[in-house]
1. So, in region 84-112, how many residues would count as being surrounded by fewer than 24 Cβ atoms within 10 Å (Cβ to Cβ), hydrophobic (A, V, I, L, M, F, W, C) and under 18 Å from G231 (Cβ atoms)?
2. Restricting attention to region 204-256, report how many residues are within 13 Å of ligand 2 (Cβ to nearest atom), of a type in the set (V, I, T), touching a strand residue (DSSP E or B) at 6+ places or on another chain (Cβ under 9 Å) and assigned to a helix (DSSP H, G or I).
3. May I ask you to list the residues in region 217-238 that are within 8 Å of ligand 1 (Cβ to nearest atom) and farther than 23 Å from V195 by Cα?
4. Can you tell me which residue is farthest from ligand 2 (Cβ to nearest atom) among those in region 115-130 that are closer than 23 Å to I181 by Cβ and surrounded by 24 or more Cβ atoms within 10 Å (Cβ to Cβ)?
5. In region 132-141, which residues are touching a residue at least 24 places away in the same chain (Cβ under 8 Å), near ligand 2 (Cβ under 8 Å from one of its atoms) and surrounded by fewer than 19 Cβ atoms within 10 Å (Cβ to Cβ)?
6. Condition first: aromatic (F, W, Y) and outside any helix (DSSP H, G or I). Now tell me which residues in region 31-66 satisfy that.
7. Would you pick out the residues in region 332-380 that are closer than 22 Å to A130 by Cα, part of a loop (DSSP other than H, G, I, E, B) and among the acidic types (D, E)?
8. Tell me, yes or no, whether region 190-203 has at least one residue that is in a loop (DSSP other than H, G, I, E, B), over 18 Å from the mean Cα position of the chain (by Cα), over 26 Å from D228 (Cβ atoms) and in contact (Cβ under 8 Å) with a residue 60 or more places away in the chain.
Amino acid sequence: MDFNLTEEHIMIRDAARDFAQSELLPGVIERDNKQEFPQKLVRKMGDLGFMGIMVDPKYGGSGMDAISYVLIMEELSKIDASASVIVSVNNSLVCYGIEAYGNDAQKDKYLNKLATGEFVGAFCLSEPEAGSDATSQQTTAIDKGDHYILNGTKNWITSGGRADVYLVIAQTDRDKGHHGINAFIVEKGMAGFHVGPKEDKLGIRGSDTHTLQFNDVKVPKENRIGEDGFGFTFAMKTLSGGRIGIAAQALGIAAGAYELAKKYSKVRKAFGTEICNHQAIAFKIADMATQIEAARMLVMKAAWDKDQGNNYDMSSAMAKLFASQVAMDTTIEAVQVHGGNGFVKEYHVERLMRDAKITQIYEGTSEIQKIVISRGVLKD
Ligand code: CAA
Ligand code: FAD
């Protein structure tokens, strides 16, 4: 067992750290205030290979492993979780979904642009009546021979107003239940595809979240991913990898808040000494450090499982469940360590606290992760 990162991994982590410090940090408060999507930064992340981290270089990707992916996600998320969720969805849901399960024509058509940041991808599973209960899909896709007719509503879609390529899950045969669900590649601008208003959110405000409406959208049959009826399995398999990305995002949010709190505790004085010399504060720092280390182990284990070709349904669920709780706990304590300064935007920790919450909700709530984990462990 080797806990050391390779030289290549250290290089990748440092490149992501440098980018986050020099490019994401300067405008992060303003983007949060204005709910501004980081369009130019997405292109820059594409240039650095962050939009197609694990994609095969023959499709324009960086050809890196899942360990590299979580290292990059952690570093970006320390500074800007809005930017990192765009990266996570693009990489582990959209690029991975197409690369692992798409056919050669789909890979040739979409992967290069997605992996280089020219295109942004969105993943559309959730609906007003099908969030956690994802098999209850109300969006329909009716087989018309050489095409499907898509109707329905998807909500909460990350990058919903900015994406070029949307992976849309829909019911094609209700009698078959979840075996009658398919996944489709829908392109921006297809007739009948409408983007609804942008959500005004508590956190990750720089990411772009929309409801989408599909009114008789004609989707060519060649845009279906996999065999007929593969859509729900597709969504579940893809989400297992996505949850590694969100676990790494949660870890990064926690680590970012911890680093700020530690630094602040060494300079802020109260009662004649730096506050880190008060045991109540020192113990908070100790708890944060320990929780973050434990979260990092789970995140790395899930990424390692993926790299080794092991099943990672459970390790990704455990990593997301644990790291998202650590993100919540750490950011709340980081605000406390900052006192009144923790409550204002300039010190960043209040934003990290607001951003942390979503990691317990999207890509499967914490309760859903417990369903996945309990079913897995009880089956043994
Ligand atoms: N891999 C392959 N197949 C899987 C699977 C997996 N990981 N998990 C489940 N399946 C299969 C099951 O084997 C079953 O198929 P069979 O009947 O052929 O055996 C089928 O899927 C249905 O499974 P369940 O009976 O377990 O279904 P369920 O209704 O009990 O629900 C669930 C399972 C785990 C709760 C699932 O509905 C779920 O994950 N819900 C959460 C949805 C979610 O994560 N949404 C995220 C949206 S994307 C997003 O959020 C992006 C973002 O924010 C940035
Ligand atoms: P519900 O399913 O209604 O859950 C409500 C509460 O009940 C939760 O606490 C839940 O854990 C609990 N609950 C539900 N069922 C059970 C159960 N069986 N046992 C115990 N507790 C249960 N979706 C996408 O498809 N693509 C995206 O890009 C995307 N991005 C998102 C971005 C943001 C900012 C947000 C807020 C959401 C996003 N989502 C996206 C949707 C997200 O995945 C769902 O919000 C999430 O899966 C929960 O679904 P829901 O909101 O319908 O909550």
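1. 1
2. Of the residues in region 204-256, 1 are within 13 Å of ligand 2 (Cβ to nearest atom), of a type in the set (V, I, T), touching a strand residue (DSSP E or B) at 6+ places or on another chain (Cβ under 9 Å) and assigned to a helix (DSSP H, G or I).
3. Within region 217-238, F232, T233, M236, K237 meet the criteria.
4. Looking at residues that are closer than 23 Å to I181 by Cβ and surrounded by 24 or more Cβ atoms within 10 Å (Cβ to Cβ), I get G121.
5. Selection gives S132 alone.
6. If the condition is that a residue be aromatic (F, W, Y) and outside any helix (DSSP H, G or I), then F37, F50 are the ones that fit.
7. E363
8. yes
The values are calculated or read from the model by the stated rules, or taken from the named source; none is laboratory data. Predicted model, so just to flag it, every value in this text is computed and none were measured. Neighbour counts run over all protein chains shown; Cβ positions are idealised from the backbone, glycine included.
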